[in-house]
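Worksheet for the structure shown next.
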Amino acid sequence: MQIRKTNQNDIETLMEIRLEMLRIVNGMDENEAFDKTLVDCSREYFLKGDQTTVFAMEGDKIAGCASLSYINVMPTFDHPTGKRAHLMNVYTRKEFRRMGAGQLMVNFLIDEAKSKGVTEISLDATEMGRHLYKSLNFNENTSAMNITFLNHPQ
């Protein structure tokens, strides 16, 4: 399995696999429509966002994808550069699971982040992904808090 960075020419495939992943993670029916804002903002993220997105490739087939969003915040003692990142959209298609795609993609993105001076990578883990992240030395964190402004339909 090989890891390949995506580029703007991959936009339609990126959108397809992103929406495929969202359907599975959120238990959506395959015919259920996505909110236009979500689709438009996802497209803009892939085209203009400060991010690195990769595909795991098995021959000419896309086995999975993962994205790392770069975030600059005020520097702190623990993070003197203020460069942080958030890992998301880590997804392996069902027929390629348990073949190491997730680990390869996340390791690639960790190395990419280190090369950019990032001092911390955060993520939101699903139950399915927790084992992978723990095996890659991600730690549970109880110090973070957040506030959400959008109401999502149940």
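Quick rundown of the values:
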item: Hey, Ile11 touching a helix residue (DSSP H, G or I) at 6+ places or on another chain (Cβ under 9 Å), open to solvent by 80 Å² or more (accessible area, probe 1.4 Å) and part of a helix (DSSP H, G or I) or not; result: no
item: Answer residue from region 25-76, given it is in contact (Cβ under 8 Å) with a residue 40 or more places away in the chain and either open to solvent by 60 Å² or more (accessible area, probe 1.4 Å) or assigned to a loop (DSSP other than H, G, I, E, B) (or both) and is farthest from Ser122 (Cα to Cα) among those; result: Glu58
item: Search result, residues across region 77-89 that are open to solvent by less than 30 Å² (accessible area, probe 1.4 Å) and farther than 17 Å from Thr6 by Cβ; result: His79, Gly82
item: Counted residues, region 100-154 - those being closer than 22 Å to His79 by Cα, β-branched (Val, Ile, Thr) and exposed (fewer than 12 other Cβ atoms within 10 Å of the Cβ); result: 1
item: Residues of region 122-147 satisfying the condition of being in a loop (DSSP other than H, G, I, E, B), under 25 Å from Gly100 (Cα atoms) and not polar (S, T, N, Q); result: Asp124, Ala125, Leu136, Phe138, Glu140
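The values are calculated or read from the model by the stated rules, or taken from the named source; none is laboratory data. Owing to the predicted nature of the structure, the values given are computational and were not obtained by experimental measurement. Don't worry about glycine lacking a Cβ; one is built from the backbone with ideal geometry, like all the others, and counts go over all protein chains shown. Areas reflect the complete protein model, heavy atoms only, side chains present, ligands, DNA and RNA absent. Shrake-Rupley method; radii C 1.70, N 1.55, O 1.52, S 1.80 Å.
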